[in-house]
Every structure is written in C-alpha cells, then in structure tokens.
1. Would you kindly state how much longer the chain becomes between residue 244 and residue 73 on full extension, computed as 0.36 nm times their sequence separation minus their alpha carbon distance, in nm to one decimal?
2. Among 63-74, 169-180, 220-231, how do they line up by average Cβ neighbours within 10 Å per residue, starting with the highest?
3. Among bridges DSSP assigns within region 32-122, what percent are antiparallel (round to 5)?
4. Beyond 15 Å, what percent of the Cα pairs of region 169-220 remain?
5. Translational diffusion coefficient, Stokes-Einstein: compute it for the chain using the Kirkwood radius over C-alpha pairs as Rh, at 4 °C and 1.567 mPa s, and state it as an integer in µm² s⁻¹.
6. Kindly put 148, 232, 6, 35 in sequence by how many other C-beta atoms sit within 10 Å of each C-beta, fewest to most.
7. Tell me, what is the Rg over Rh of region 106-165, with Rh the Kirkwood radius over Cα pairs?
8. Starting from 0.36 nm per residue, how many nanometres of slack lie between residue 91 and residue 225 once their C-alpha separation is accounted for?
Ligand code: KIV
Ligand code: NA
C-alpha cells in the first residue's frame, strides 16, 4: 500500500501494480503544508479522494476519515464515511483508534462500510500523545495495542494498520489476528506494508521518518530540472524550432503590407 493524493500520482501507483492506494490524511502535511494532520477536513478528504479514484483503475482506494469526523458519535461517523464513499471515491475508509471506537466500527461495518483500522501511533492524537513516538514499548502499552487490534477485529474491521510499533509486538499481533496487518514502522512481519508517497520518492525535504526508505530522489531531480529549464530560457536554448509552430510567412508579409 502507498499513499497518493491526486490523479497523476494515483495513475503512477496504479500502473506499478500497487494493490492498495491510501488517500491518507498525511496530505495535511505533504500536500497542504500543515504541521500535523489535525487541521484536515472532510472536504479535503472528499476532494483528494475523488482525484485519486479518477486516476486508479485496479487498486483498492482507501480514504482516511479525518480528525473529529468520527469521534463525536456513530451517526456522524456513518454519515461522513458514507460521504467518502459516495462523493470521495472511497472503496473503504480508514480510521484511527481501537477499543475506544470499536462500537462505531461495528455500526459502520453493519451498514456496509468496510473499515481499515489504524493503531499504535495515531497521528490525529499527536497532541494527546505528546509527540510522534513509538507506541507499545512497555508491558502496559503493548497490552493496549494488542487489545486495540483485537477490538477492531472483533468489531469487523477487515485489516489494521500498525504504525510505529516495535517489530516483535507487531509480529505477535499479526500472528494473533486473522485479519491482515499493514505496517509502517512496524517491522517485517506484518502481512503488508504502507509508505507515504513523498517519503518513498524523496519529495518531502522537511522530515524523513526512520521507517521510510527512499526509493528515488525525485525532489532533487525536480529542482535540477527547473534550474536547467530556467537556464535554457535565459540563454535562448529553449524553446527550439521543434518546440515552436510554423506558418506560411508570405501571409505575414502581406499582413504587414
Ligand atoms: O495518512 C497516512 O498517510 C496514513 C499512513 C501513514 C498509514 O495514515
Ligand atoms: Na492517516
């Protein structure tokens, strides 16, 4: 699974045969320029979900429910999930939390909304967690992550993302669950992995998390391309004849008398 936030990016991931595209609320940081996912709105997710669904033909499209779109009550959660599926191009939705949202997840699954869970480090709760930290390192914290995973499975979630969880704990959770786990910073033993588009491709210079691997350096390639272009314009190398349009020049002579 990789994230994508627009039509072109979705086409690229889809063409590569990536089976699941996540329209993550990480778009708050890498696309919208906020310093967390907290300010992301339903309208943001609907708009970007639509772009991605137009660009993907094979992949499963999962769209994040943003902060405070599902925490108030199950009815509001259901309406917002419905909106992501009816207007936002989502095949399924993803939401953060375990035991505390299990009742809401059950309502959604019963209503025909497939739910992917997301536990461990839940970035929408960054202000409650006190920062972006690995979750589940102590015995009590590991118990909480395991309980969250079991609660989601029990509530009918079809899969669960484990974010920033120690690898041995992710392994145990993966073995305990019958639904697939998808890891990000959760070691090699999850059933699948998810990465953020901009982190993988070297497009986000502000911060690269420890769990990300850069498979390309597109950011610096793009900067070089713009530098090269600007230089060509300044010295007259761009555009060439091949990049220009011709006309019958006799007409211009006539025009000018
Ligand atoms: O928003 C996002 O990109 C995510 C992934 C990191 C799982 O939720
Ligand atoms: Na997210």
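1. In short, 55.6 nm is gained.
2. The most tightly packed comes first, giving 63-74, 169-180, 220-231.
3. The antiparallel fraction comes to roughly 10 percent.
4. Summing the P(r) tail past 15 Å for region 169-220 gives 50 percent.
5. The calculation lands on 65 µm²/s.
6. In increasing order of surrounding Cβ atoms, one gets 35, 232, 6, 148.
7. 1.02
8. 44.6 nm
Since every read-out is calculated from the coordinates, none of them should be taken as a lab result. If you're wondering where the values come from, they're calculated on a predicted model, not measured in any experiment. So basically every Cβ, Gly included, is an ideal-geometry build from the backbone, and we count neighbours across all protein chains shown.
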